[in-house]
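The values are calculated or read from the model by the stated rules, or taken from the named source; none is laboratory data. What you see is a predicted model, and the numbers here were worked out from it, not measured in a lab. Note: ideal-geometry Cβ built from the backbone for every residue, glycine included; neighbour counts use all protein chains shown. When the accessible area is computed, the model is the full protein with side chains, heavy atoms only, and any ligands, DNA or RNA have been set aside. Shrake-Rupley method; radii C 1.70, N 1.55, O 1.52, S 1.80 Å.
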Amino acid sequence: MDVERTTRIRKRSLKNKRIHSCLICGSYPATFNYGALTCSVCKTFFLRHATRPHTPVCAEFGECGYPLIKCKACRYAKCLEVGMHPERAGKRSGCMRRKRHGTELGMNESPELPLLLTEHQRFAQVCPSTMLQAQRMDNLDSEIRCLIEIEKACSADSPWTPKMHEFSFDLSVTMMDILEQPQKICARVPLGLCNSATEFNPCRENMGGKCLARMMLYCADFFRETPEIWQLGHDDRRRFCLYGSMLLSQIQLYYHTFAIGCKGFLSGLGQRYDPRPDGPAGFNDIAGVCSYELHNLIFPALRRINFTYEEFLLWKMVVLFSPGPIGLSDEGAAIIRCTRRKYEAMLLEPRYLGNVRFFKNERFV
């Protein structure tokens, strides 16, 4: 009787126990290894390749037909895609793989965070960037100059740049596709935020879609040139870029509306939208509220403190790296907090401290 009861309890416990599948190959069972749910075979595969000095390269440039075709490069890329961290492999006490291959991690490199250089170099092998590479510097003036150069490169804009409206665009691509190959969405024409703006008509020449596509390209270029983005894991990076692109686009449009002093607010490509009674219902109401808040509350405050372009660049980074409802992992949230504190410290420099106090009193921060 006791044997039968024990058998029933064991069957019930096995039935209720949840067994996970491997995120790489789909086999059972899977456990949490190096940041993702994988089977023991895929764990061993990742350990071998993550501790070697060179990662495998697909002979068909990712078009080999994996997983139907066995490809080490695409399998390793899948490991990275599901969130496995290369720097966590080979950290077990007594493991000599990294020492044997000469890939030991430095003492100041955290095993909990993705390595910026490794991730950025791996991505650059797939899609070499033609943009400027941002370098983090301790000196405030050098940091600001770096931000200015990145801004110029991403916007491809100046007051003397002619407007360009004749280009094709594709809004069906995902944010991760744009990060890998930015010009999939549209050509890198001037962003059109420095010129005097004409009235925006979203139906003329598909102007609404073109403005949106060019702004998304700007956001992708900006994220690619921000090193802290590459410290995030794959899923955290995707969530942050989707959320951050909405913030970044609004920040850019609103600040440059203030800078050139036009009515309404800019929409990009040398266009502006001025809410009026006969405008589209719904959108016109929202745009009217935004325009009123900007021109009657925020812009006058910025003028009173002589808000400079350098302050805007630092403030933009603080807002962009503010915590948001995007469900980041603990590691990703820690990176975001550290980055925000970094730019907050720059804004607390004596030259900007008075304006920061004003913003806090006005509840703009």
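In table form, for the structure just shown:
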quantity	calculated
Phi to ³J(HN,Hα) by Karplus 6.51 cos²θ - 1.76 cosθ + 1.60 over the stretch 73-78, Hz, x for Gly, Pro	5, 6, 5, 5, 4, 5
Local electrostatic count, PHE32, Cβ distance below 12 Å [Lys/Arg +1, Asp/Glu -1]	+2
Low-density loop cleavage sites - trypsin sites (Lys or Arg not before Pro) in the stretch 18-51, where at most 10 other Cβ are within 10 Å (DSSP)	ARG18
Heavy-atom SASA rank of MET175, MET164 (probe 1.4 Å, accessible area, largest first)	MET164, MET175
Extension gain from GLU205 to GLU180, taking 0.36 nm per residue of separation minus the Cα-Cα distance	6.2 nm
Inter-label distance for ALA334 and SER40, nm, one decimal - labels placed 7 Å from Cα along Cα-to-Cβ	3.0
Global form of the stretch 15-64, assessed from the alpha-carbon gyration tensor, a/c cut-off 1.5	oblate
Accessible area of GLU166 in the full protein assembly, 1.4 Å probe (Å², nearest 10)	140
Above-threshold pairs, the threshold being 21 Å between Cα atoms, out of LYS70/LYS91; LYS163/LYS263; LYS43/LYS91; LYS210/LYS316; LYS43/LYS72	LYS70/LYS91; LYS210/LYS316
